[in-house]
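Colleague: Mind having a look at this structure? Questions to follow.
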Amino acid sequence: MKIFYYTFGCKVNQYETENLRQKLSAAGYETTEDMSDADIFIVNTCTVTAQSDHKCRQLLHRMKKASPGAVTVLTGCFPQAFEQQAREMTGCDIVTGSSKQDIPGLIEQFLRERRRIVNIAAHSKAELFQPMCNKPSGLKTRAFVKIQDGCDQYCTYCIIPYARGHIRSKPLDDLKAETVGLAQGGYKEIVLTGINLCCYGKDFGDGTRLADALETVCSVQGIERVRLSSMEPEMISDGDIQRMSRLQKLCPQFHLSLQSGCDKTLKRMNRKYTCDEYRQLCAKLRSAFEDCVITTDIMVGFAGETDEDFAQTVDFVKEIGFEKVHIFPYSVRKGTAAERFDGQVSSAVKQQRARELEAVCSQIRAGSLRSNIGKTVEVLFEKEKGDGMHRGYTKNYTPVAVKATDESSWRWQTKSVHITGVDGDSCTGTEQ
């Protein structure tokens, strides 16, 4: 039987879908990229915004139209956080939550009995990290490794603690074994990811921290680069920075989720840091890591955000000089504390603020890219897009394109490149 997979949302979801695909492939199921050819659909959902839920419903409709007789599996954060709504989606044959370990068995059960299955287990404090160990797939140049799950922060706008449960971490021995397997499969770059990455090890109760996970992965022969996905800024200590700075394989690119550059707004969001604390962390990282790049997320139009509050965010962005910013308008999320807040901002104002901030960030981004001209950098090449260019990234995640002189592929190769210019959102250069 053939399965069509679709993943909404974050890198954690993508990792979990790949883990599920590998397990089902080992059980004899094939993977198809053609909806009309599918016997089974598996949709791994995100529920960060109501828009994610809407897109999911649209996808399910397209799937049923493409292959009416296919078995449909709905899994992930949406059914976990909104069980009743998921139960009411009668077009889904199997509905399960953020735990995906039981899906192969649930599919077999449905194929035998042909009766709808709803299997959503509530999260608990005693819940352990689900064992997942992905093998090399050859599909991508860098391998994502999920090392942490859950969040106990309860930001007022966020539904994720309800969808993902309490914090829990992958044991270091399991992390080492998975990384060794990926290295043996040819991967040179590992990206550590999690729901709240800096909480790694907190549940062990023995002082284990994210730095221990980094040291474990960096110790694996064959791995050239180790990268971190999004992190919460208040959980990175001076000791962590000191330990991380000694790791030559660690990429000097840090995605520190900011959300707002206004202390009043941060407090309403229940974020656990101030702008000054964030400012100090950026300075420490830039001091500790050569060619350090800091990227972030910023939410505009949060409940109660005034024009003055937004102006503070714009000024803060200019001050820090983020190399790249993901900007998104606040979306009221049912079930969160902020849903009940006064001072909701109109959609028109949110969109205007997003455009204004985007213009500022684009200028900073362009200057950041131009600052690389004249440098010679190491680039791990990922793909050729058919445009006559080899494309890859430096250690600090600067995109680089080099004109191909023949038809050979540079994929998975690391080469020295002299940066000579900028084209759009990428540096350009020549091989040294």
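Colleague: Take Ala126 and Thr208, extend 7 Å from each Cα along the Cα→Cβ direction, and tell me the distance between the two endpoints in nm.
Modeller: Each label point is offset 7 Å from its Cα along the Cβ direction, giving 2.0 nm.
Colleague: How about Lys65: which lysines have a C-alpha closer than 25 Å to its C-alpha, ignoring those fewer than 8 places off in the same chain?
Modeller: Leaving aside lysines fewer than 8 places away in the same chain, those within reach of Lys65 are Lys2, Lys55.
Colleague: What distance in nm separates the simple spin-label points at Ala348 and Ala404, each placed 7 Å from Cα in the Cβ direction?
Modeller: 4.9
Colleague: What net charge is computed for the residues neighbouring Gly186, neighbours being all others with C-beta under 14 Å from the C-beta of Gly186, Lys and Arg scored +1, Asp and Glu -1? Could the numbers behind the result be given before it?
Modeller: Working: positive: Lys135, Lys140, Arg142, Lys188, Arg225, Arg411; negative: Glu189, Glu224, Glu382.
Neighbourhood net charge equals +3.
Colleague: Considering only DSSP beta bridges with both partners in the chain, what is the antiparallel share in %, to the nearest 5?
Modeller: Values: 22 of 65 bridges.
Counting only bridges with both partners in the chain, antiparallel ones make up about 35 percent.
Colleague: For Lys64 and Lys135, compute 0.36 nm times the residue count separating them, minus their Cα-Cα distance, and round to one decimal in nm. The partial results should precede the final answer.
Modeller: On the way: separation 71, 0.36 × 71 = 25.56 nm, distance 3.12 nm.
Full extension of this stretch gives 22.4 nm more.
Colleague: While we're looking at this one, here's another question. Taking a cut-off of 35 Å, what percent of all Cα-Cα pairs in the chain are separated by more than that? It would help to have the intermediate numbers written out before the result.
Modeller: Details: 31395 of 93096 pairs.
More than 35 Å apart: 34 percent of the Cα pairs in the chain.
Colleague: Which whole-Hz ³J(HN,Hα) couplings does region 319-325 yield from phi under the Karplus relation 6.51 cos²θ - 1.76 cosθ + 1.60, θ = phi - 60°, glycine and proline marked x?
Modeller: 5, 6, x, 4, 6, 7, 9
Colleague: Here is a further query. Cα gyration tensor of region 14-133, axes a ≥ b ≥ c as square roots of the eigenvalues: rounded (a/c below 1.5), prolate (a/b > b/c) or oblate?
Modeller: rounded
Colleague: Let me ask something else. How many nm separate the modelled label positions at Asp238 and Arg112, each set 7 Å beyond the Cα in the direction of the Cβ?
Modeller: Modelled inter-label distance: 6.1 nm.
Colleague: Let me ask something additional. Find the relative contact order for the chain and round it to a whole percent, using C-alpha pairs within less than 8 Å whose residues are 6+ positions apart.
Modeller: Values: 847 pairs, mean separation 42.0, N = 432.
10 percent.
Colleague: Bin width 5 Å, alpha-carbon pairs only: give the P(r) of region 142-370 as whole percents, running from 0 to the bin holding the largest distance.
Modeller: Spelled out bin by bin, region 142-370 gives 1, 6, 13, 17, 18, 16, 13, 9, 5, 2, 0 percent.
Colleague: Okay, next question. In whole Hz and in residue order, list the ³J(HN,Hα) couplings for region 351-363 that follow from phi through the Karplus curve 6.51 cos²θ - 1.76 cosθ + 1.60, θ = phi - 60°; x for Gly and Pro.
Modeller: Values, residue by residue: 5, 5, 5, 4, 5, 5, 5, 4, 5, 5, 5, 5, 5 Hz.
Colleague: If you don't mind, there's one more thing I want to ask. Can you find, among Leu285, Met244, Ser260, the residue sitting farthest towards the positive end of the charge dipole of region 219-292, where Lys and Arg contribute +1 and Asp and Glu -1 at Cβ?
Modeller: Ranked along the dipole, the leading option is Ser260.
Colleague: Considering only C-alpha atoms, what is the centroid distance from region 270-300 to region 92-123, in Å?
Modeller: 42
Colleague: If amide H atoms are built 1.01 Å from N in the plane of the peptide, which residues on other chains or at least 5 residues away come under 5 Å of the amide H of His326?
Modeller: Amide H neighbours of His326: Thr296, Asp297, Ile298.
Colleague: Next question. Along the positive direction of the dipole of region 376-431 (beta-carbon charges: Lys, Arg +1; Asp, Glu -1; about the Cα centre), which of Thr420, Phe381, Thr430 reaches farthest?
Modeller: Comparing the listed Cα positions along the dipole, Phe381 ranks first.
Colleague: Considering the dipole of the chain built from charges on the beta carbon (Lys and Arg +1, Asp and Glu -1) around the Cα centre, which of Asn270, Ser137, Ile42 is farthest to its positive end?
Modeller: Going by the Cα projections, it comes out as Ile42.
Colleague: Using a Gaussian network for the chain with springs between C-alpha atoms less than 10 Å apart, which of these wobbles most: Gly386, Gly91, Gly69?
Modeller: Highest fluctuation of the listed residues: Gly386.
Where a number appears in this text, it was derived from the coordinates with a stated rule and is not lab data. The structure displayed is predicted, hence computed values, not measured ones. Please note: Cβ atoms are built from the backbone with ideal geometry, for glycine as well, and neighbour counts cover all protein chains shown.
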